[in-house]
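Shown next, in structure tokens, is the structure this report addresses.
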Ligand code: ASP
């Protein structure tokens with residue numbers, strides 16, 4: 001066992017100073033990968049080769065950021081996914097608006113939000129990170145930037161989304177429903193063979209949202225946070241709740257202090273419930289957090305049953321039911 005690893009284990013036991021967190025969730029089940037293993041963890045089971053694509057990029061010698069982008073592109077490409085990229089459900093005015101962000105292992109970040117008509121928001125977020133002095137571009141400015149970078153503008157609203165919108169107009173009125181059915185962001189966290197971390201996420205946000213609404217997914221520190229020294233985290237679910245506690249950032253900070261990934265995710269959910277108990281009492285409320293620690297350990301928690309994540313580790317991919325938060 002190396003010195004570094006020994007120190008890390010000591011830090012974890014020192015974190016017994018946080019018993020409230022540790023008693024909240026099930027014991028860590030994920031075993032640690034080998035030190036040179038590629039780990040890819042992504043939210044949900046999109047029934048698409050998301051993690052495999054990402055891992056394959058690294059295996060073929062691609063960069064971490066390529067791995068993040070290509071994994072997420074797989075979901076953005078699929079018009080049958082109604083919560084990410086083309087095929088996503090529109091806002092209450094019938095427009096599809098997209099949000100995405102990306103972070104690399106050096107602390108660089110790029111984000112686009114309220115972007116319309118561009119198939120791959122994750123790729124535009126990457127361009128923002130790599131080609132501009134900024135972190136975030138929104139709306140028309142983001143679109144203009146994307147077109148200037150060679151992205152093609154086109155309508156991304158599918159027939160299925162149009163139909164669902166029409167049905168929603170007659171049945172639900174202007175009262176956006178909240179819950180798992182309308183929240184399926186892809187958040188993807190990657191650790192390469194040298195232990196470097198990166199991540200990204202992409203979403204069309206909550207279906208039937210107010211025009212102009214932006215959730216947690218493109219907000220660095222809320223929907224995604226990567227710190228190469230400590231770990232990475234991402235979220236899915238009601239973005240407003242995640243933003244209000246800087247969800248992904250606090251999970252990474254907890255991991256830095258030695259809290260295991262699953263407990264760190266549980267603390268984020270607990271913090272939401274402590275600050276705003278109305279979420280705890282709402283049967284439709286949902287958030288899910290996914291965390292990847294620097295050493296490759298992965299953990300996740302859903303605010304209720306049903307959250308899943310996909311984990312590629314040791315050369316195989318599996319879908320895992322995340323424990324539901326309980327106290
Ligand atoms: N977190 C996203 C948002 O609030 C929704 C989702 O997870 O699909 O925009």
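If you take every DSSP beta bridge fully contained in the stretch 188-327, what fraction is antiparallel? Give it as a percent rounded to 5. It would help to have the intermediate numbers written out before the result.
Details: 26 of 28 bridges.
DSSP beta bridges in the stretch 188-327 are roughly 95 percent antiparallel.
Output the 0 to 90 degree angle, nearest 10, between the alpha-carbon long axis of helix 121-131 and the longest principal axis computed from the alpha carbons of the chain.
Between the helix axis and the principal axis of the chain, the angle is about 70 degrees.
Measuring from label point to label point, each 7 Å out along Cα→Cβ, what is the residue 194 to residue 317 span in nm?
2.5
What per residue convex hull volume, in Å³, comes out for the chain when only alpha-carbon positions are used? List each step's numbers first, then the result.
Details: hull volume 38.9 nm³, N = 327.
So the per-residue hull volume is 119 Å³.
Multiply the residue separation of residue 108 and residue 45 by 0.36 nm, subtract the distance between their alpha-carbon atoms, and state the gained length in nm to one decimal.
19.9 nm
Compute a Gaussian network model of the chain, connecting alpha carbons closer than 10 Å, and tell me which residue from 190, 40, 135 fluctuates the most.
Its mean-square fluctuation being the largest, the pick is 135.
What 222 nm value per residue comes from the helices of the chain, counting each DSSP H run with n ≥ 4 as -39,500 (n - 2.57) and dividing by all residues, nearest 500 deg cm²/dmol?
Numbers: 11 runs with 108 residues, N = 327.
Estimated from H runs of four or more residues: -9500 deg cm²/dmol.
Pick out which of 122, 243, 219 has the largest mean-square fluctuation in a Gaussian network model of the chain, springs linking Cα atoms closer than 10 Å.
The residue that fluctuates most here is 243.
Over the chain, what is the percentage of antiparallel beta bridges among all DSSP beta bridges, to the nearest 5?
Values: 48 of 53 bridges.
Percent antiparallel among DSSP bridges in the chain is about 90.
What number, in percent, do you get for the relative contact order of the stretch 257-327 if the mean sequence gap of Cα pairs under 8 Å and at least 6 apart is divided by its residue count? Could you put the intermediate results ahead of the total?
On the way: 107 pairs, mean separation 20.1, N = 71.
So the answer I get is 28 percent.
If R₀ is 30 angstrom, what is the calculated FRET efficiency for the pair residue 327 and residue 284, using the beta carbon separation as r and rounding to 0.05? Could you put the intermediate results ahead of the total?
Working: r = 20 Å, r/R0 = 0.65.
Calculated value: 0.95.
Rounded to the nearest 5, what % of the DSSP beta bridges within the stretch 72-141 are antiparallel ones? Walk me through the numbers before you get to the answer.
On the way: 5 of 8 bridges.
Counting DSSP beta bridges with both partners in the stretch 72-141, the antiparallel share is about 60 percent.
How tilted is helix 64-76 with respect to the longest principal axis of the chain? Cα atoms for both, answer in degrees (0 to 90, nearest 10).
Taking Cα atoms only, the helix is inclined about 40 degrees.
Which whole-number percent gives the relative contact order of the chain, counting Cα pairs below 8 Å spaced six or more residues apart? Please list the in-between numbers first.
Working: 842 pairs, mean separation 74.0, N = 327.
Computed over the chain, the figure is 23 percent.
Relative to the longest principal axis of the C-alpha atoms of the chain, give the angle of the C-alpha long axis of helix 50-59, reported between 0 and 90° and rounded to the nearest 10°.
That helix lies at roughly 60 degrees to the long axis.
Considering only 313, 217, 236, give the residue with the highest GNM mean-square fluctuation for the chain, with springs between Cα atoms whenever their separation is below 10 Å.
Maximum fluctuation in the GNM of the chain, among the listed residues, is at 313.
Quick check: residue separation of residue 163 and residue 244 times 0.36 nm, minus the Cα distance between them. What number comes out in nm?
On the way: separation 81, 0.36 × 81 = 29.16 nm, distance 3.31 nm.
Between residue 163 and residue 244, full extension yields an extra 25.8 nm.
With the cut-off at 1.5 for a/c, could you classify the stretch 36-94 from its C-alpha gyration tensor as rounded, prolate or oblate?
Prolate shape, in that a/c is at least 1.5 and a/b is the bigger ratio.
We did not get these values from a lab; they are worked out from the coordinates using the rules stated. Being a predicted model, the structure only gives us computed values, none of them experimental. A quick note on method: Cβ atoms are made from the backbone with ideal geometry, for glycine too, and the neighbour counts reach across all protein chains shown.
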